[in-house]
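Here's the structure, in structure tokens; my notes come after.
The values are calculated or read from the model by the stated rules, or taken from the named source; none is laboratory data. Fair warning: this is a prediction, and the values are worked out from it, not measured in the lab. Positions of Cβ are backbone-derived with ideal geometry, glycine not excepted, and every protein chain shown enters the neighbour counts.
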Amino acid sequence: MFVSYAQNFEDVILWRALRHVEGGFYIDVGAQDPLTDSVSRGLYEQGWRGVHVEANAHYAEKLRQDRPDEEVIEVAVDREPGEIVFFEFADMGLSTGDPEIARRHEGEGRECREVKVKSTSLAAILDRYADRTIHWLKIDVEGMEEAVLDGWPPSGVRPWIVVIESTLPLTQEPSHDEWEPKLLALGYEFVYFDGLNRFYVSEDHPDLKDAFGVGPNIFDGFKLAGSSDFVLQDTEAAVERDVRIALEEQFAEVQTARTDLENDLASERERSAALEQQVVAQEEMALEREQRIALEQRINALMVSRSWRITAPARKAVETARWFKGGVHAWLTLKPGSRPRRTARRLATGLARRILARPRLSRQARRIIGVLPLSVEARLRSLVMGGGATTSARSKVVFSGTEASELSSRAREIHALILTGQNNRKPN
């Protein structure tokens, strides 16, 4: 299978027209690199050999190294032999002998180096191989096409096919109007334009014209070399796509990791808040414990201090005075609900029962009660029976039958004693 190395499939078109030729011969003016964008490399691999004309010393040496079985002519092609100023642009196929084009490239930021090189005419080159059939001639001289054709006067040397770059460097602007009439006058017919180059067939070989008319296609049975711009672009696109996919996957992973980290951070903040609350609670408990301990220590220190021991009798005396004051007041007033009152009540009740149990004492008690003032009588009744009756000067302790029956046996006895005293009391 034919492998295409050329920039714009020029080699595919040439191979389509000349594949019937075995061991063909070519002249490549402005050959540049022996591999990248090479029009001759594909045919070279098919057994063809030729001549390379290259004014750039760097590329001329590369051609010699890569094609030791081919001839390399290191000159510029001009109208006549001599020497010209050559404008070199390193590592690109833009080197030219046209100063106007060189200045334009410099204006676009490309670095240029001016050198003087030998020049020759195209006729001089063709005459060197007048004894051989030149199957194709390619001219790629970056704007010097007219000068090259001016150096090719009518002669008997006629390559079968001529391929010439026909647009201004790095543009699609046609440049063939000025030089094409010169080539047509040499006996060539235009047959094909590939967007960059114009193909011409010698009038001596009209049978080759049928090979032109359509661009490279699947029926040409070729494949692209790895150095082809199309392969590199596809490879770059594939690499770019793979890189983009990888970056998108990494970005998705980063986003997921970021979300996880944010969730973890939120959880950590919640745990931190809970711990802070626990710490605050523990600190408060510790503070309360410290305050309690400090208070106990102060109390203990106070209780073992000299002043506490010295004031102990005074404190005891104050407590005793308070107790005595309350007790005396209670005994003197028989304050209701107080202990003295309860004690006096128990004594009076017991005494009343003893008196009632003895008839003589009972009669004497009634006489004594009868002469007592009503207020004393009421006080005595309140003490014995628990209080509750009125104490006016005319009050009488008289219960109805039902009320009397509700009293306890002891209360009924005392009630009868008091009632007897009231009945026997003389009016004042």
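Only one of the numbered conditions (1) surrounded by 13 or more Cβ atoms within 10 Å (Cβ to Cβ); (2) over 19 Å from residue 57 (Cα atoms); (3) charged (D, E, K, R) is violated by residue 118, and that is (2).
Could you list, in sequence order, the residues of segment 53-80 that are crowded, with 17+ Cβ neighbours inside 10 Å and of a type outside the set (D, E, K, R)? If you could, list the steps in order and put the result at the bottom.
First pass over segment 53-80, keeping only residues crowded, with 17+ Cβ neighbours inside 10 Å: 53-56, 59-60, 62-63, 67, 70, 72-79.
Matches in segment 53-80: 53, 55, 56, 59, 60, 63, 72, 73, 75, 76, 77.
Of the residues making up segment 12-52, those that are of a type in the set (Ser, Thr, Tyr) and buried (at least 23 other Cβ atoms within 10 Å of the Cβ) number 3.
Restricting attention to segment 305-355 and to residues that are more than 30 Å from residue 409 (Cβ to Cβ) and not in a helix (DSSP H, G or I), the residue that is modelled with the highest pLDDT turns out to be 311. Filtered by the rule that a residue be free of Cβ contacts under 8 Å to residues at least 40 places away in the same chain and in contact with a helix residue (DSSP H, G or I) (Cβ under 9 Å, 6 or more places away or on another chain), segment 50-61 gives 50, 52, 54. Screening residue 85 on (1) in contact (Cβ under 8 Å) with a residue 40 or more places away in the chain; (2) β-branched (Val, Ile, Thr); (3) surrounded by fewer than 19 Cβ atoms within 10 Å (Cβ to Cβ) shows it passes everything except condition (1).
Among the residues of segment 124-150, which ones are of a type in the set (Gly, Ala, Ser) and surrounded by fewer than 20 Cβ atoms within 10 Å (Cβ to Cβ)?
124, 130, 143
Within segment 178-192, restricting attention to residues that are at pLDDT 95 or above and not hydrophobic (A, V, I, L, M, F, W, C), the residue that is farthest from the chain's Cα centre (by Cα) is 187.
Residue 194 passes every criterion in (1) surrounded by fewer than 14 Cβ atoms within 10 Å (Cβ to Cβ); (2) touching a residue at least 40 places away in the same chain (Cβ under 8 Å) apart from (1).
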